[in-house]
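> Dumping the structure here so I can ask a few things about it.
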Amino acid sequence: MTFPETFHLALEEQLSYEIGSLSSLQHLDLSGNNLSGPIQKKLGDCVNLLNLKLSRNLLRESIPFELGKLQSLENLDLGNNLLTGEIPSGIGSLKRLEILNLSHNFLSGSIPSSLNGMSSLTSVDISYNHLEGPLPNTKAFEDASFQAYRNNDTLCGNKTSLMPCSLKQNNGDKGRNHKKIVILVVVPLLGILFLILL
């Protein structure tokens, strides 16, 4: 039994579970539909995928780590959805990935250090999420424009409008030390006042 190399559908329901059986599939474009629910883990069985485009839908929950099995993938577009949770570290194992779009979601946490090894990556967009911590040390992130990482929580790095990570760390340490000092001063004072009142 043979399967088409390219599959383009307009659906208004959850991404079909059976799509994982299309093992010869190379191009899957379901962008611009009303797909809802989670991204099916069975997509990780489509090991010959080159392009996976699921942007501009209503996909929820986290990005399944099974997508890290798509070793032939060159283009991953999950932008403009309702995805939550952290970016799975398995994305960093996609050594052929050239384009990565995770923009306009609700992703949080730090960007996995595994993305530092993605030398084939040429275009990245992580804007409009809740990401924090340092940007990966790769050419794609270094060459990315401000538009590609804007509107996140507390990203840091050597990019325009971002605080250097060393300064961010120092500020964090100062804040923690300040809180400790406040606790060490205020708690005993409250104890003394309580004893005086008694």
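The values are calculated or read from the model by the stated rules, or taken from the named source; none is laboratory data. What you see is a predicted model; the values in this text were computed from it and never measured. As a convention, Cβ positions derive from the backbone with ideal geometry for all residues, glycine included, and neighbour counts pool all protein chains shown. Side chains included, ligands, DNA and RNA excluded: accessible areas come from the protein's heavy atoms. Shrake-Rupley method; radii C 1.70, N 1.55, O 1.52, S 1.80 Å.
> Where a ≥ b ≥ c are the square roots of the eigenvalues of the C-alpha gyration tensor, would you call the range 45-89 rounded, which needs a/c under 1.5, or, failing that, prolate if a/b is larger than b/c, or oblate?
Oblate.
> Write out the trypsin sites (Lys or Arg not before Pro) in the range 57-106 meeting two conditions: DSSP loop, and at most 16 other Cβ atoms within 10 Å of their Cβ.
Passing sites in the range 57-106 are Lys95, Arg96.
> Answer rounded, prolate or oblate for the range 16-144, using the Cα gyration tensor with square roots of eigenvalues a ≥ b ≥ c: rounded when a/c is under 1.5, else prolate when a/b is larger than b/c, else oblate.
Judged from the Cα gyration tensor, the range 16-144 comes out oblate (a/c at least 1.5, b/c at or above a/b).
> So, counting K/R as plus one and D/E as minus one, what does the shell of residues with Cβ under 12 Å around Leu121 add up to?
Once positives and negatives cancel, what remains is -2.
> Near Ser108, within a Cβ-to-Cβ distance under 11 Å, what is the net charge of the other residues, with Lys and Arg +1 and Asp and Glu -1?
Summing Lys and Arg as +1 and Asp and Glu as -1 gives -3.
> Using modelled backbone amide H atoms (1.01 Å from N, in-plane), which distant-in-sequence or interchain residues come within less than 5 Å of Cys156's amide H?
The list, which skips near neighbours in sequence, is Gly133, Leu135.
> With a 1.4 Å probe and every protein chain left in place, tell me how much accessible area Cys165 has, in Å² to the nearest 10.
Surface accessible to solvent at Cys165 totals approximately 50 Å².
> Summing Lys, Arg as +1 and Asp, Glu as -1, what charge do residues with Cβ under 14 Å from the Cβ of Leu73 carry, Leu73 excluded?
For residues surrounding Leu73, the net value is -2.
> Just subtract the alpha-carbon distance of Glu61 and Leu193 from 0.36 nm times their residue separation and send over the number in nm, one decimal.
Extra length from Glu61 to Leu193 when fully extended: 42.5 nm.
> Subtract the Cα-Cα distance of Asn158 and Phe106 from 0.36 nm times their separation in residues, and report this length gain in nm to one decimal.
Taking 0.36 nm per residue and subtracting the Cα distance, the gain is 16.3 nm.
> On to the next question. Pick out, in residue order, every one of the GluC sites (Glu not before Pro) in the range 17-73 that is DSSP loop and has at most 15 other C-beta atoms within 10 Å; say none if there are none.
Glu61
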